[in-house]
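The values are calculated or read from the model by the stated rules, or taken from the named source; none is laboratory data. These figures come from a predicted structure and were not determined experimentally. Here the Cβ positions follow ideal geometry from the backbone for every residue, glycine too, while neighbour counts run over all protein chains shown.
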């Protein structure tokens, strides 16, 4: 089982990026072995959340750990059957530890802003 963490860099010591759709990297991690694959997120001018959700869904992960997530990305990940956890902070390694111990909030809805700055 792999999880995806939004990150500012490519390793476990990288900071969690607070924005799902605009995160510079997605780190696909096996939480048991901490084996990691870094994938650069290349958001377009419009539809960053939708594009990001598709990138993650194509990797067949069980869960996403992020700071916040907008409505379009949330819908896309839910449709793919991916669990979403928000409130991740610190390093990627910190987020994995918080996931393992149940300290992250299981997201029931979007927590970020949709395009145009309107809360979803």
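Can you list the helices (runs of 4 or more DSSP H) found entirely within region 21-106 that contain at least 3 residues being touching a helix residue (DSSP H, G or I) at 6+ places or on another chain (Cβ under 8 Å) and at pLDDT below 95?
Working: elements: 48-57, 71-79, 92-100.
So the answer is 48-57, 71-79.
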Residue count for region 8-20, restricted to those that are assigned to a loop (DSSP other than H, G, I, E, B) and either in contact with a strand residue (DSSP E or B) (Cβ under 6 Å, 6 or more places away or on another chain) or buried (at least 17 other Cβ atoms within 10 Å of the Cβ) (or both): 8
